[in-house]
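Everything on this sheet refers to the single structure shown next.
Nothing in this text is a laboratory measurement; each read-out follows from the coordinates by a stated rule. Only a predicted model underlies this, so the values are computations on that prediction, with no experimental measurement involved. Ideal geometry is used to build each Cβ from the backbone, glycine not excepted, and the neighbour counts take in all protein chains shown.
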Amino acid sequence: MANKLKIHAIVKALNEENFIVNQLDTIYPFCSRISIISQYDRDWYGKRVEPDSTASLVLNYPDPEGKIHFCVRRVRDETAAVNMEMLSFNKKSYRGIIPHGSPFAEIAAFHEPPDYFWYVDADELYDTETLPQVLAYLAAKKPRGMRVCGYNYLRTWNHRVPMEVVDFTHFGFIKAGILLEQHRNITWNESRLAKLLKMLKLPNFSSRLFGFIVCPIEVGVFHHGCWLGNNERIKSKFNKSSHIESQKWEPNSVDAIHSVFVPTEELPINIRNGQWPAYFFDAKQ
């Protein structure tokens, strides 16, 4: 395909045994490389957590093309961890070295940056049937960064939160050489400019000025499973999140969010056919 891009996925995965295999099944055919970043037995604040089988599942995942890198580091900041992984794939990594066992060309090819890094959490599932057109749109537009819209789900995959209730749009694809500033923000100057333009009652061209675009919903979206399961699972997920300081957990807060019912047969095929706990779907439909 003429517009095929070299895509390197970066996946954060801490205690994601319910999602990681499904995520790898989804993204593996579309990536040149996949980096799984994990703290293993620490959260992003350095607190001890009991690890699940995520590491074992990643290390034992079939990888005939040698795409998968599993990275365990004691980095105390999520953004720094992602930036560190992106920086490890650049021309400076191999410049001036004298190889001891592999041809220099192979080493150079290994460290050559991709066209785009694809920042995707373990519980953010793209639809494998629409993902090719998302990548085709990215290849046609060639932005510095592309945001993608996502649907959130409550308790089960059968209860979807409308986008007008929860707007979950953030950067998915970032051009190689660009680093994040905080969480999934490339630069806060974009939002500062947007506020200024709003105050001046001028059109908001902040994203365009920085070379950012949003993937149209009709092209493709992703499906976010953060709120699947019972309160115990959701609270555990929340307490390990790097966003905890800006959120407040309430046991009934999830159920208070408006959602609409989605029959299983209308979900993306990779979600319908995935390996999930039985309670991730409604028992009766």
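If you wrap segment 100-150 in the convex hull of its Cα atoms and look at it from every side, the mean projected area works out to 5.6 nm². The percentage of C-alpha pairs in segment 64-176 whose separation is greater than 18 Å is 66%.
Note on the chain: helix-only mean residue ellipticity at 222 nm, from DSSP H runs of 4+ residues weighted -39500 (n - 2.57) and normalised by residue number, equals -7000 deg cm²/dmol.
If the chain linking V260 and K91 were pulled fully straight, counting 0.36 nm for each residue of separation and taking away their Cα-Cα distance, it would gain 56.0 nm. Volume of the convex hull of segment 53-115 (Cα atoms only), normalised per residue: 143 Å³. Given a Förster radius of 22 Å and the C-beta distance between F70 and Q182 as r, what FRET efficiency does 1/(1 + (r/R0)^6) yield to the nearest 0.05? E between F70 and Q182, to the nearest 0.05, is 0.30.
Got the relative contact order for segment 7-280 handy, in percent, Cα pairs under 8 Å and 6 or more residues apart?
23
Could you sort the peptides 109-120, 16-27, 272-283, 31-42 by per-residue average Cβ neighbour count (10 Å cutoff), highest mean leading? Write out the running numbers ahead of the final one.
Working: 109-120: 18.8, 16-27: 21.9, 272-283: 13.3, 31-42: 20.3.
Per-residue mean Cβ counts within 10 Å order the peptides as 16-27, 31-42, 109-120, 272-283.
Taken along its three principal axes, the alpha carbon spread of segment 126-211 comes to 42, 30, 24 Å, from the longest extent down to the shortest. Ellipsoid fit via the Cα gyration tensor, the chain: semi-axes of 30, 25, 20 Å, each the root of five times an eigenvalue, largest first.
For segment 1-85, the spread of Cα coordinates along the three principal axes comes to 47, 25, 17 Å, biggest extent given first.
Quick check on the chain: of the DSSP beta bridges with both residues there, what percent are antiparallel, nearest 5%?
Working: 18 of 40 bridges.
Restricted to the chain, the bridges split so that about 45 percent are antiparallel.
Applying the Karplus relation 6.51 cos²θ - 1.76 cosθ + 1.60 with θ = phi - 60° to segment 266-279 yields 3J(HN,Hα) values of 9, 7, x, 4, 6, 7, 4, 9, x, 9, 10, x, 4, 6 Hz, where x marks Gly and Pro.
Taking θ as phi - 60° and the Karplus parameters 6.51, -1.76 and 1.60, the scalar couplings of segment 113-119 work out to x, x, 5, 9, 8, 10, 8 Hz in sequence order, x denoting glycine and proline. Pairs exceeding 19 Å between alpha-carbon atoms, taken from K12/K142; K141/K175; K47/K235; K142/K198; K4/K142; K142/K201: K12/K142; K142/K198; K142/K201.
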